[in-house]
Each structure stands twice: as structure tokens, then as C-alpha cells.
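Worksheet: the structure to be examined is printed underneath.
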Amino acid sequence: MSSTEQTAEQPAEETSRPARLTAAAAVAGIEALALVAGGLYVLVTGITGEPDDLTQAVTAGATLVALGLIPGAAARGLLRRKAWSRGPAIITQILALPVAWQLLQANSGLIPAGIALAALAVTGLVLLVNPATTEALGIGRRGEA
């Protein structure tokens, strides 16, 4: 009977948080981790290395870490089905697109990073505007109460 109970519980979990919503939270979480990791890298290399401008290196690193908090909070909110979290998550995806474009324009090893970021941003946007996601977050269509 436990397998029947588990099968009966699984649809309830999917109804409460669709896989698309979980995937959108994962995309935002990956972006948050990348921003924080990049920020920490810039901070550490700026402090331990010989940067042209220490203040600029520390500021850039701290800014990246702080920016990583936005998609991190959005990912947590999406997992908890908080409607407010969709806005910061969408804004993060939109802001990631020009960054990806700039990475793709570089004639260096940053092109794969640009491809990955563009794929993440487009995937995140598709997941966030999906009707199942908006419904799970309690966001109604126009004209609905």
C-alpha cells in the first residue's frame, strides 16, 4: 500500500509546484551561484593579486556577490511559490541576455560562457512565463480577480 500512497501523493506535489516552476528556480539558483562565485573570484584575485586598482576590484567583486543575492532570493521564492519572486527572476533573465551577447562577441574562450548564459536566460524566461508557472504562483490573467 505504501507504493499506492506514494503514487497518490505525487500528483498533489506536482499540483502544488509544477516541474516547470522547480526548473525555473533551478535556473535562477544556477545564475545566483555563478554571480556569487564570480564575485568571490574577483574579490580574492583582487586582494591577493596585483590589480591595477584595488578599489575597483573589490567594488566589482562585492557588486557581483550582491547581484547574486537577487536571483538567489528569487529562486527561494519560486520554490516556496511566492508570487513576488517571478518579477526579480524575469528581470534577471532579461539582464542576462545582453551580458550573454557581449560574451558571444568576444573573440576568446568566453564564447562558451555566452552560449551557456544565453541558453539559461531563454530557458528561464520560457519557464517563468509558462501558464503552469503563473498559475502555481497564483498570478491571474487580466480581468480575473
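Summary of values
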| read-out | value |
| --- | --- |
| Count of residues meeting criterion [assigned to a helix (DSSP H, G or I) and under 19 Å from the mean Cα position of the chain (by Cα)] in the stretch 124-145 | 11 |
| Matching entry among 96, 121, 66 (being surrounded by fewer than 14 Cβ atoms within 10 Å (Cβ to Cβ), within 15 Å of the chain's Cα centre (by Cα) and among the hydrophobic types (A, V, I, L, M, F, W, C)) | 66 |
| Test: residue in the stretch 75-88 that is closer than 18 Å to residue 139 by Cα, in contact with a Ser or Thr (Cβ under 6 Å, 6 or more places away or on another chain) and not polar (S, T, N, Q) | yes |
| Residues of the stretch 32-63 that turn out to be in a helix (DSSP H, G or I) and more than 28 Å from residue 20 (Cβ to Cβ), as a count | 20 |
| Any pair with Cβ under 7 angstrom, 6 or more apart, that starts in the stretch 58-74 at a residue that is free of Cβ contacts under 8 Å to residues at least 60 places away in the same chain and ends at one that is of a type in the set (S, T, N, Q) | 70/92; 71/92; 74/85; 74/92 |
| Yes/no for residue 85 being in contact (Cβ under 8 Å) with a residue 40 or more places away in the chain and either small (Gly, Ala, Ser) or over 25 Å from residue 45 (Cα atoms) (or both) | yes |
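Just so you know, all these numbers are worked out from the coordinates, no wet-lab data involved. The structure presented is a predicted model; accordingly, all values stated were derived computationally and were not measured. Every residue, glycine as well, gets a Cβ built from its backbone with ideal geometry; the counts of neighbours run over all protein chains shown.
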